[in-house]
1. Just one of (1) open to solvent by 20 Å² or more (accessible area, probe 1.4 Å); (2) touching an Asp or Glu at 6+ places or on another chain (Cβ under 6 Å); (3) at pLDDT 95 or above trips up Trp5, so point out which.
2. Filter the stretch 316-331 for residues that are free of Cβ contacts under 8 Å to residues at least 60 places away in the same chain and aliphatic (A, V, I, L, M); which is farthest from Ala342 (Cα to Cα)?
3. Among the numbered criteria (1) touching a helix residue (DSSP H, G or I) at 6+ places or on another chain (Cβ under 8 Å); (2) open to solvent by less than 10 Å² (accessible area, probe 1.4 Å); (3) among the aliphatic types (A, V, I, L, M); (4) in a helix (DSSP H, G or I), which single criterion is violated by Val413?
4. Looking at the stretch 51-129, what strands (runs of 3 or more DSSP E) fall wholly within it and have at least 1 residues that are modelled with pLDDT of 95 or more and over 19 Å from Ala40 (Cα atoms)?
5. Report the residue count in the stretch 81-99 for those that are over 30 Å from Arg390 (Cβ atoms) and buried (at least 16 other Cβ atoms within 10 Å of the Cβ).
6. Which of the numbered conditions does Ser385 fail, given that it passes all the others? Conditions: (1) of a type in the set (Gly, Ala, Ser); (2) over 28 Å from Lys27 (Cα atoms); (3) within 17 Å of the chain's Cα centre (by Cα).
7. How many residues does the stretch 1-30 hold that are over 16 Å from Gly73 (Cα atoms), hydroxyl-bearing (Ser, Thr, Tyr) and not in a strand (DSSP E or B)?
8. Among the residues of the stretch 26-50 satisfying the criterion of being more than 14 Å from the chain's Cα centre (by Cα) and either surrounded by fewer than 24 Cβ atoms within 10 Å (Cβ to Cβ) or of a type in the set (D, E, K, R) (or both), which is nearest to Leu177 (Cα to Cα)?
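The values are calculated or read from the model by the stated rules, or taken from the named source; none is laboratory data. Note that the structure is a prediction, hence the values are computed from the model and not measured. Glycine also receives a Cβ, built like all others from the backbone with ideal geometry; neighbour counts cover every protein chain displayed. Ligands, DNA and RNA are stripped out before the accessible areas are found, and what is left, the full protein with its side chains, is counted by its heavy atoms. Shrake-Rupley method; radii C 1.70, N 1.55, O 1.52, S 1.80 Å.
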Amino acid sequence: MQEAWLPRRVEVAPSRLDGSVEAPPSKSYTHRALLAGLLAAGRSVVENPLWSNDTRATLAAVKQLGASVEGDGALELASPGAGALEWTPCIDAAESGTTMRLVTGVAALLDKPVLVYGRGRLHKRPVRPLLEALARLGVEYLLSGGCCPPHAVKGPARSGSTRVDARESSQYLSALLVLGAGLPQGLEVAVEGLESRPYVDITVRVLEAFGASVERDGYSWFRVEGPLRPSRYRVPGDWSSAAPLLAAGALAGRAVVRGVDPGDPQPDRAVLDVLREMGARIRVSGQSVAAEAPSGGLQGFSVCIRDSPDLAPTLAALAAAACGRSRICCVERLRLKESDRAEAVMDLLRRSRVDARLLEAPGEGLCIEVVGRCGRLPGGVAYSSHGDHRIAMAAALLGLVSEKPVVVEPADVVAKSYPGFWEALRALGAEIREAGSNTAR
């Protein structure tokens, strides 16, 4: 497996794009497929997995819990199954919120305590509602910070029923569904609130592909029952990573992204609706999507991203260069991401000399309101990624449509979800070099 180009500081120059790239594998599906393979007794194959910092954290946990793993293209997992997991005292989730929450559910199958911890802002990302739902199944827990990791769980969880408030994160519900697929008599979950609903559909898809039976009443009640069976599973392309590439095409020329399914439940496919509203030329052919800048410039838009909060930085970059006023609403949960993403987005916009503000709107919650510059931005600035992969990608988009080159630092944080991002942007035609280097990438 070839190592990605991941410089610490990147310079992005104004560019005209016209290219085609393959979407990377989905991070969300990779996490879930690895854990389903762990819970299925026997040998499973996960084809086309994403190799990123986040998914490596889940893979490490899967190995600690008893699966042997071979391969670096397709992954072959040999596992003892849900009923015979190996005990491990500590699991390092690194900076992956998905790993932290989903692995917490799996660890509740064990009859000895397991400590789950991480680094960076992971210890500021909430987990209490999941732990409270597990407690209703007989799981003991310790929570060090009142809301967030590090935390410890000690099972074994019992089959039966529980309830969860998933307003903060759909991953609470996904963790319980994965757990339920590993319990002898399954699990019923009543849901009191739920954000990012499509990610639950992704969880259900993966569990069913591995043989689980899932009943549901919309998004308010679920029953999941295993056992999971060893399977061969292929990870689809990632709409979350495709979104900034398609936005780049709409801003600065033309971009084609292959390997994304418009019928997939991934919520970030909603970027196509926003791009169309802005006037971008969108063409979908099978699993290939092309986005092209309109001749008259992009127009402002209004959108609620309750189900797709990861789109916020990309949409903010689009709004900065658009003509007119844009509103990106339902963004309260941005404060619980790898950075305080609401403030990080505002920082990008301020440095771009774009008129923007955060406001509360009736029925729409927290909104980012942007008055676009209707063309190129001044540029000539250094953008901080705030250690957040999606902020780094948004900063790159701003550089493409600036009068002068911009610097993004730290830039290697894209490895969290899309290590090949800088190379993909280069393949589309972007002028990118390591800051301080004379070699364009």
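1. Just one mismatch for Trp5, condition (3).
2. First pass over the stretch 316-331, keeping only residues free of Cβ contacts under 8 Å to residues at least 60 places away in the same chain: 319, 322-331.
With aliphatic (A, V, I, L, M) added as a condition, the list becomes 319, 322, 328, 331.
Details: Ala319: 15, Ala322: 19, Ile328: 11, Val331: 7 Å.
Here the answer is Ala322.
3. (2)
4. Ranges flagged: 90-92, 114-117.
5. Filtering the stretch 81-99 for residues over 30 Å from Arg390 (Cβ atoms) gives 81-89.
Applying the additional criterion that residues be buried (at least 16 other Cβ atoms within 10 Å of the Cβ) yields 81-82, 85, 88.
Total meeting the criteria: 4.
6. Tallying (1) of a type in the set (Gly, Ala, Ser); (2) over 28 Å from Lys27 (Cα atoms); (3) within 17 Å of the chain's Cα centre (by Cα), Ser385 fails exactly one: (2).
7. Here the count works out to 2.
8. Ala41
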